[in-house]
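Notes follow once the structure below has been shown.
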Amino acid sequence: MPDAGRRDAAYSITLTDGTATRTREAAPVDLVPVQEMHRRCSPVTRALRYHAGKSGLTAAEWRHLSSPERGTTLVTTPAGRTDHIIAMTNVMHTDQQGVGELAILVEDAWQTNGLGTALAEHAATVARRVGHHALAATVAAGNMPMLHVLEKLDATPVESTGPVLDLVIVLQSDPSQPSRCGEMPVH
Ligand SMILES: CC(C)(COP(=O)(O)OP(=O)(O)OC[C@H]1O[C@@H](n2cnc3c(N)ncnc32)[C@H](O)[C@@H]1OP(=O)(O)O)[C@@H](O)C(=O)NCCC(=O)NCCS
């Protein structure tokens, strides 16, 4: 059953340019702003996220991603425009007990401001909270920004299939991490 309190909680991230953002759990009603964000993204950004030429998300795909039974999807907005989604982070369940699957999409105009790094760190906290001991990520071998983000979380490659790398982040239990809301400046 969805935890309404958790869904309302927002996590604050301040970007390197000083912009304040809010990250919260996604809900089915976020479909339209999530689709709009996908439309604003470049084809390259979408291809790096989905490993396929994809113009956007369908309603069925969003139902899957925003279903708490399937995992946790977070959406990020500027603090002053909470209906304008600029990033999506997924920590989805896998068929391996205790292993979540991480994926992040930051809209082109909001990239290289520290958001991807802060969202990956927050995703690790979320994954620990739901009981995962590891996060897996599948990344194009040439996707240097995402590889750089994952390197900061000590991700290690476990398999390389052609142009794609499978990496794993082992999650140490860390009670000092914020469990629900917090402030993470990324300067
Ligand atoms: C990967 C992604 C999430 C990173 O988001 P972001 O907000 O730009 O990330 P950050 O600003 O925190 O950091 C990006 C890092 O990559 C580095 N980087 C950027 N371009 C780079 C390049 N060509 N080579 C090496 N490093 C690069 C940046 O310098 C930065 O590192 P730093 O903080 O040490 O300077 C974002 O680029 C994105 O959404 N890409 C498309 C979708 C995708 O690839 N998703 C991952 C697949 S799951």
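The values are calculated or read from the model by the stated rules, or taken from the named source; none is laboratory data. These figures come from a predicted structure and were not determined experimentally. Cβ sites come from the backbone with ideal geometry, for glycine too, and all protein chains shown count toward neighbours.
Which residue is modelled with the highest pLDDT, if the candidates are limited to region 164-187 and must be part of a loop (DSSP other than H, G, I, E, B) and surrounded by fewer than 11 Cβ atoms within 10 Å (Cβ to Cβ)?
Here the answer is GLN172.
Determine whether GLY18 is in a loop (DSSP other than H, G, I, E, B), surrounded by fewer than 18 Cβ atoms within 10 Å (Cβ to Cβ) and in contact (Cβ under 8 Å) with a residue 60 or more places away in the chain.
no
Can you name every residue in region 34-69 that is within 23 Å of ARG81 (Cα to Cα) and among the hydroxyl-bearing types (Ser, Thr, Tyr)?
SER42, THR45, SER66
Going by the conditions given, is VAL44 more than 11 Å from the ligand (Cβ to nearest atom) and either in a helix (DSSP H, G or I) or not charged (D, E, K, R) (or both)?
Against the criterion (more than 11 Å from the ligand (Cβ to nearest atom) and either in a helix (DSSP H, G or I) or not charged (D, E, K, R) (or both)), VAL44 does not qualify.
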